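What follows is a short report on a single structure.
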Amino acid sequence: MRKFLLALAALAVACGSAAIGWFGVRAWQDSQQVAAPTPDPTAQADPAGETLSLTFDATQVAASGEDLFTPPACGETWTPPHTEANGVLPKVDASLRQVQGVDTVAITPGYTTDTAGIGFLASEGSIIVTRDDAVVTPEWGGEFVPEYYVAFPQETTLTQNNLDLTGSVLCDVASELGDIWDDIDWSNATDDEIAEAQRLTEEFNARHETLPAGTYRVYQYSPIILGEPAAIARVLNGEGLTGLANLSYTAGYTALYADERVSEHCTELQDADGNVTDVRCEVPQDVLAQVLLRDVPAEFVADVPPAVAFSIAAEFTVE
């Protein structure tokens, strides 16, 4: 884990930093509720048509997209053209607002298409931010986590992974924040040591309440995956199974929990009265592959390779 991730984890424990939401709260939220499936507008399959036996392997799907694009490094000059992939174009909105007196960039990612409704696998919102065309994106949260979406012509399908970005997490200053917490030994830290780190963190955040002047551009990018992975995801989505990449941990909140192959890898937590308060699972990927095996209409499969799409930049200027 990068030092900066460790620093953010420390902040979450010590002072409840909102930045933890980028990589921790999302997974927790997914474990607390099961989202409704995205409606798929495409025609229903012919029940008498050819079918394929397919399963969803999140590890393989993620791997098929990870090597398609390497994000630019902090400080690198980067001005990409917007490019659709497999008929899908990422679309991002970004605006600068004040949150408790702090400059905050509110980012809303989504997808659109010029094609009649299309189902695909893509990220929840991989973002690159530049200032005067130099990359300042935080150095965390860039891994590819595939999710199933359906895009519509002249509409934006939102990913629901809205992000808030402040100056204190930009990559050109964030190492200073990491330095504050790197020397904390959490197994032996005293209250005074933690309090001092909190004080230094508050001073750091105060110094970066205002974003540095410049022209900011926010881009969204993602692998766009069709083919067999999107076809099986479409079928599972129709069953109400979403958050497919996290099912190893969230299966206890889905209909899959009724399957003994899943439930044997889960633990129910109970209160003093014996009521179940939580279900924690860690289902092996090979077990999930068996449980998620379905007969999928062959016509759902679009035979095209994964490709990366880039949005038009959302732009704003700080004087």
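For segment 262-269, the count of residues that are in a helix (DSSP H, G or I) and without any contact (Cβ under 8 Å) to a residue 24 or more places away in the chain is nonzero. More than 30 Å from ALA307 (Cα to Cα) and surrounded by 14 or more Cβ atoms within 10 Å (Cβ to Cβ): is that true of ALA233 in this structure? So ALA233 fails the test.
Being touching a helix residue (DSSP H, G or I) at 6+ places or on another chain (Cβ under 6 Å), at negative phi and either outside any loop (DSSP other than H, G, I, E, B) or modelled with pLDDT of 95 or more (or both) holds for only one residue in LEU256, LEU236, and it is LEU256. I'm trying to understand the selection: among the residues of segment 122-157, which are more than 24 Å from THR79 (Cα to Cα) and part of a strand (DSSP E or B)? Passing the criteria: GLU147, TYR148, TYR149, VAL150, ALA151, PRO153, THR157.
Just one of the listed residues (THR108, THR77, THR115) is surrounded by 17 or more Cβ atoms within 10 Å (Cβ to Cβ) and among the β-branched types (Val, Ile, Thr), namely THR108.
The values are calculated or read from the model by the stated rules, or taken from the named source; none is laboratory data. The structure presented is a predicted model; accordingly, all values stated were derived computationally and were not measured. Quick reminder, even Gly has a Cβ in these numbers, built from the backbone with ideal geometry, and neighbours come from all protein chains shown.
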